[in-house]
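Each value in this text was obtained by applying a stated rule to the coordinates, not by laboratory testing. Model, not experiment: these values are computed from the prediction. Here the Cβ positions follow ideal geometry from the backbone for every residue, glycine too, while neighbour counts run over all protein chains shown.
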Amino acid sequence: MDLKYVQRIEKQFLLYAYWIGLGILSSVGLGTGLHTFLLYLGPHIASVTLAAYECNSVNFPEPPYPDQIICPDEEGPEGTISLWSIISKVRIEACMWGIGTAIGELPPYFMARAARLSGAEPDDEEYQEFEEMLEHAESAQDFASRAKLAVQNLVQKVGFFGILACASIPNPLFDLAGITCGHFLVPFWTFFGATLIGKAIIKMHIQKIFVIITFSKHIVEQMVAFIGAVPGIGPSLQKPFQEYLEAQRQKLHHKSEMGTPQGENWLSWMFEKLVVVMVCYFILSIINSMAQSYAKRIQQRLNSEEKTK
């Protein structure tokens, strides 16, 4: 096989693995996941959308796409870009990310399934809360408890389509669906199949369409105009956004050597700090969860030693 094709296959494989990995990071960890859609996939879709309307084409030269987006030498006529063409351009990245989020939902399922089959109680707060919820189901009064019970009942009674419904919408309680399926020994392919379809196809297209519409050319222009209309501080806030958008247009047309406006530096600096803060929070939440589990095991061992005395 030609070396060129081997390198191309390797590049595609690494690209798919990259987006799947980001998807796993987004949903793994029982609620402590990294919000990779806001940090990576959302901005990528927004960049492609802005570039498509500016270039009147989605046929960006490869390379440098997807690492860098520049307009092709032959741009299409005005008005040729449609919502469907942008959806098709980012479909692979979005679907790979969605597959990753579905894979990230498997640990709660396997944990609860193993606990039910073995009879042992896992050292996990989410699972313990689930068992307490089942014990006090009839006395639940607060909204959070009723919401969790609604998810549990939907998944338990409706099965495949209940899991599909929970996975197809942004749902912070979906970890509970995985625990419920594992606890009630729902077949693996019923759980994973519904989760995969819901997250990688239905939910992913809803999120993708929302971002594309939000960053379409006329919506962005209206948002910038709205910022400028804010009394007092509007014009000063509007200027860096206008400079940033102009800098992106210059880059798309091979004009990045003309210099970088100050507005881009300011916005880029803000986004970089946001990424750093969210990654640090993700790491700290994992460390905190591990420390709590370790402290709990020590306490349980001390209690068992005291009982044996």
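Over all alpha-carbon pairs of segment 153-225, lay out the pair-distance distribution in 5 Å bins, whole %, shortest bin first.
Bin by bin from 0 Å, the calculated values are 3, 17, 23, 17, 10, 8, 7, 6, 5, 3, 1.
Calculate the spin-label point distance for LEU83 paired with ALA291, positioning each point 7 Å from the Cα along the beta-carbon direction, and give it in nanometres.
About 4.7 nm, to one decimal.
At 0.36 nm per residue, minus the direct Cα-Cα distance, what do ALA114 and ALA46 gain on full extension? Give it in nm, one decimal, please.
Stretched out fully, the ALA114 to ALA46 stretch lengthens by 20.3 nm.
Distance in nm between label sites at VAL158 and VAL6, each 7 Å beyond Cα in the beta-carbon direction?
Once both label points are built, they end up 5.0 nm from each other.
Between SER236 and ASP67, what FRET efficiency comes out of the Förster formula 1/(1 + (r/R0)^6) with R0 = 41 Å and r the beta carbon distance, rounded to 0.05?
FRET efficiency, ASP67 to SER236: 0.75.
Multiplying the sequence separation of PHE13 and ALA225 by 0.36 nm and subtracting their Cα-Cα distance, what value in nm do you get?
72.1 nm is the gain from fully extending PHE13 to ALA225.
Return the subset of LYS239/LYS273; LYS89/LYS273; LYS89/LYS208 for which the Cα-Cα distance in this structure is over 23 Å, preserving the input order.
Violating the 23 Å limit, Cα to Cα: LYS89/LYS273.
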